[in-house]
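Working notes for the structure below.
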């Protein structure tokens, strides 16, 4: 529903370490922008045909540090990107962060940037309550980027729910994780092209995916809806509309025996995934494991990633799976 807002309110952005006297920043929310719906239907792009779009530029900075046994988190935001919840369901040492983008989708010209910095000894799990939606563009590029820095002895879990590339989008989704010696990161990236369950295929547009663990692994792909050979060939996406990637990476090399054990447990999970069209797992670097999967729907792909994530978390870190509560709401 489109709502009229009488005035442009202001909202506090929260305290940020390092500011003079703990100064509190203030964000101005433009009332005109809030005419965009917070929950858009699948055909939302058609609602904005002829609508003069005011672009968003959102930035969220997260900083994790250790205070005794507790991982504490500071956040600073500008624009429509912020922390919904900070939770400690596994105890004080692991901070679960739920990030939200209230406008509900990303369109041409929007830029969303996430920066996270984990100090030594911290453990952060970052997720979202729902899918990221890249809507149809009239010509401008929509960009979402995450730059994540993990210090020695810190652990990061980057677990956003899927990104949906609606037909007609022009979008780029970037994730870069910089690992110090002794740092570790477990994460995933899931992309759905169109909404096949609603008979809305990805027929026009371009989606660019950039996933990088500097010095260990780089995946950069450009998917154009007009590239039938890429979308349908057995050497491409083989007609599947969902691409899923899971990684476990370390700033230090794993012993060969440990890497092989982690690969074996992932393959065991893959053997019990009949709805996955194609999948495989490998170690492109002695400090990285990467699993790739193709599926017709998001649900089986996400189920496989959750199973392997649970197995790797247990084997590599001796921690139970503990799925974030927001995934069940």
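The values are calculated or read from the model by the stated rules, or taken from the named source; none is laboratory data. Predicted model, so just to flag it, every value in this text is computed and none were measured. Neighbour counts run over all protein chains shown; Cβ positions are idealised from the backbone, glycine included.
Points worth noting:
- The one condition from (1) without any contact (Cβ under 8 Å) to a residue 60 or more places away in the chain; (2) within 25 Å of residue 106 (Cα to Cα); (3) surrounded by fewer than 21 Cβ atoms within 10 Å (Cβ to Cβ) that residue 140 does not meet is (1).
- Listed by first and then second residue, the pairs with beta-carbon distance under 6 Å, at least 6 apart or on different chains, first residue in the range 263-282 and within 26 Å of residue 232 (Cα to Cα), second in a helix (DSSP H, G or I), are 273/304; 275/300; 276/300; 276/304; 279/270; 281/263; 281/266.
- From the options 89, 103, residue that is at pLDDT 50 or above, touching a helix residue (DSSP H, G or I) at 6+ places or on another chain (Cβ under 8 Å) and either surrounded by 14 or more Cβ atoms within 10 Å (Cβ to Cβ) or in a helix (DSSP H, G or I) (or both): 103
- Any chance residue 291 is free of Cβ contacts under 8 Å to residues at least 24 places away in the same chain and touching a strand residue (DSSP E or B) at 6+ places or on another chain (Cβ under 7 Å): no
- Yes/no for residue 83 being within 15 Å of the chain's Cα centre (by Cα), touching a residue at least 60 places away in the same chain (Cβ under 8 Å) and surrounded by fewer than 22 Cβ atoms within 10 Å (Cβ to Cβ): no
- Residue in the range 163-186 that is surrounded by the most Cβ atoms within 10 Å (Cβ to Cβ), counting only those that are out of contact with any strand residue (DSSP E or B) (no Cβ under 7 Å at 6 or more places or on another chain) and closer than 29 Å to residue 152 by Cβ: 182
- Residue 189 part of a strand (DSSP E or B) and either touching a helix residue (DSSP H, G or I) at 6+ places or on another chain (Cβ under 7 Å) or buried (at least 22 other Cβ atoms within 10 Å of the Cβ) (or both): yes
- Qualifying residue in the range 136-145 (condition: part of a strand (DSSP E or B), over 18 Å from residue 59 (Cα atoms) and touching a strand residue (DSSP E or B) at 6+ places or on another chain (Cβ under 6 Å)): no
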